[in-house]
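Below is one structure, written out as structure tokens; comments come after it.
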Amino acid sequence: MSADAGRLPQFVIAGAPKAGTTALHAALATHPGLYLSPVKEPKYYLTDGRPPPRSRQRGPGDAHSAREWVWRREDYLRLFDGAPPGTVRGESTPFYLHDRAAQRRLAADVPGIRVVVVVRDPVDRAWSNWVHLRADGLEPEADFGTAVSREDARVAAGWAPFWHYRGLGRYGEQLRDLYAVLPRSQVLLLRYRQLVDTPRETLDRVSDFLGVEPGVAHTVAPENVKPHVPDTPRYRALARVVRAGAAVGAFAPPQVWRQVSRPLLAALHAGRVPRPPLPVEVRRAVLAPLLPDIALLEELTGESFDDWRRDTGRGDFGSRRS
């Protein structure tokens, strides 16, 4: 056991991005028996004790984002110093599920770690992921299907995990590898729709899993809801400024770029419109390579995820937690 065991997290929300993890983090933070790190997504176990190399952060905004990673061990441990005695310490970094090295580091550093995983229809998740990056002015591709088709080339070029539209939704492979380093009894698998449709019961399940009193945590409106912004000349001009600023911001403290970018993002979001439905043919094209992974997820869990195979998805886009 690590000499730092008394300062390390006892649970993590490990994935998946755009599957309600922010809402779950906020809800669990309302429980007096739990202590959530004041920095959400510290990403510590994505690192090996060294800062993420800039040479591998090649997508728009990646290098700037990497400056926010908590990679120094003492800085990470300090995140939990405010935990009252007897509380259960935790943090949320939804990329831990996708990153196999992070899984291994976490299991080795905290053998008894409890891991909460939230999965969402992988096409709906990817669509919400793309909307998020477009709303922030970072995704240069105005067509979702085209952006997904460029994923492999972007991954090969070193773009950060949030650009892995399909890859982040391969939950079967991710869970298979997580179960190889941790007992299944230490992993709680939830569905996004459970957070949306039955939040009280779902929070009670998480509370039971973490060993704290059920019926105490309550839902909180998340802060990372992103609007749909159409591709217009105004949007393209503003987005170019955002991407250029993010590149320069890689050399400044993160809080500086956040402050400077705030009016730019407000201007981008002023052009918001209702999110359009995802065309069936696009959904089918994005889904097809993921079907074997859905089958693997069903084999691992003994549950049916057949609703994810539908042409219409589950309508997750309209939820406040998207």
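Quick one: among LEU297, LEU46, LEU36, which has the greatest mean-square fluctuation in a GNM of the chain with alpha-carbon springs under 10 angstrom?
Checking each option, the largest mean-square fluctuation is seen for LEU297.
Please compute the length gained on full extension between ASP143 and THR30, using 0.36 nm multiplied by the number of residues separating them and subtracting their Cα-Cα distance. Walk me through the intermediate numbers first.
On the way: separation 113, 0.36 × 113 = 40.68 nm, distance 3.87 nm.
Extending this stretch completely gives an extra 36.8 nm.
Specify which labelled value, from (1) 30, 24, 19; (2) 34, 21, 18; (3) 42, 23, 19, agrees with semi-axes √(5λ) of the Cα gyration tensor in Å derived from the coordinates of the model shown.
Checked against the structure: label (1).
Can you give me the distance in nm between label points at ASP4 and ARG150, each placed 7 Å from the Cα along the Cα-to-Cβ direction?
Between ASP4 and ARG150, the simple spin-label model gives 3.8 nm.
In Å², and per residue, what accessible area does the range 9-127 have when probed at 1.4 Å with the other protein chains present? Numbers along the way, then the final one.
Numbers: 4000 Å² over 119 residues.
Value for the range 9-127: 34 Å² per residue.
Rank GLY302, GLY59, GLY167 by mean-square fluctuation in a GNM of the chain with C-alpha springs under 10 angstrom and give only the top-ranked residue.
Looking only at GLY302, GLY59, GLY167, the biggest GNM fluctuation is shown by GLY302.
Indicate, rounded to the nearest 5 percent, the antiparallel portion of the DSSP beta bridges found entirely in the chain. Mind showing how you got there, number by number?
On the way: 1 of 16 bridges.
Once the DSSP bridges in the chain are tallied, antiparallel ones form about 5 percent.
Which distance in Å, rounded to a whole number, links the C-alpha centroids of the range 92-148 and the range 166-221?
The range 92-148 and the range 166-221 have Cα centres spaced 15 Å from each other.
Test of understanding: what is the full-extension gain from ASP307 to ALA288, defined as 0.36 nm times their sequence separation minus their Cα-Cα distance?
Working: separation 19, 0.36 × 19 = 6.84 nm, distance 1.41 nm.
Full extension of this stretch gives 5.4 nm more.
Counting only helical runs of four or more DSSP H residues, what would the 222 nm mean residue ellipticity of the chain come to if each run contributes -39,500 (n - 2.57) and the total is spread over all its residues? Numbers along the way, then the final one.
On the way: 14 runs with 136 residues, N = 322.
Mean residue ellipticity at 222 nm (helix-derived): -12500 deg cm²/dmol.
For VAL181 and PHE251, FRET efficiency with R0 = 30 Å and r from the beta-carbon atoms, rounded to 0.05? Can you show the working numbers first?
Numbers: r = 37 Å, r/R0 = 1.22.
Calculated transfer efficiency: 0.25.
Could you rank the peptides 102-111, 81-90, 132-141, 192-201 by their average count of other C-beta atoms within 10 Å per residue, with the highest value first?
Numbers: 102-111: 18.8, 81-90: 13.7, 132-141: 20.4, 192-201: 16.9.
Descending mean neighbour count gives 132-141, 102-111, 192-201, 81-90.
Which of ALA266, TYR35, TRP130 sits farthest toward the positive end of the charge dipole of the chain, with +1 on the Cβ of Lys and Arg and -1 on the Cβ of Asp and Glu?
Of the listed residues, the answer is ALA266.
Just the number please: accessible area per residue for the range 139-243, 1.4 Å probe, all protein chains included, in Å².
Values: 4940 Å² over 105 residues.
Here the per-residue accessible area is 47 Å².
Return the carbon/sulfur percentage of the accessible area of the chain, one whole number, probe 1.4 Å, all protein chains in place. Mind dumping the intermediate values first?
On the way: 7590 of 14090 Å².
Of all accessible area on the chain, carbon and sulfur atoms account for 54 percent.
Between ARG58 and VAL260, what length comes free when the chain is fully extended (0.36 nm per residue of separation minus the Cα-Cα distance, one decimal in nm)? Intermediate results must be reported in sequence, preceding the final value.
Values: separation 202, 0.36 × 202 = 72.72 nm, distance 2.14 nm.
Stretched out fully, the ARG58 to VAL260 stretch lengthens by 70.6 nm.
Give the shape of the range 160-200 as rounded, prolate or oblate, defined through the alpha-carbon gyration tensor: a ≥ b ≥ c are the square roots of its eigenvalues, a/c under 1.5 means rounded, and otherwise the shape is prolate if a/b is larger than b/c and oblate if not.
Working: a/c = 2.80, a/b = 1.11, b/c = 2.53.
It comes out oblate by the Cα gyration axes.
Quick check: pseudo-label points 7 Å beyond the Cα along Cα→Cβ at ALA267 and ARG73, how many nm apart are they?
4.6 nm
The values are calculated or read from the model by the stated rules, or taken from the named source; none is laboratory data. No experiment lies behind these values; they were computed from the predicted model shown. A quick note on method: Cβ atoms are made from the backbone with ideal geometry, for glycine too, and the neighbour counts reach across all protein chains shown. Quick note on the areas: whole protein, heavy atoms, side chains included, nothing else; ligands and nucleic acids left out. Shrake-Rupley method; radii C 1.70, N 1.55, O 1.52, S 1.80 Å.
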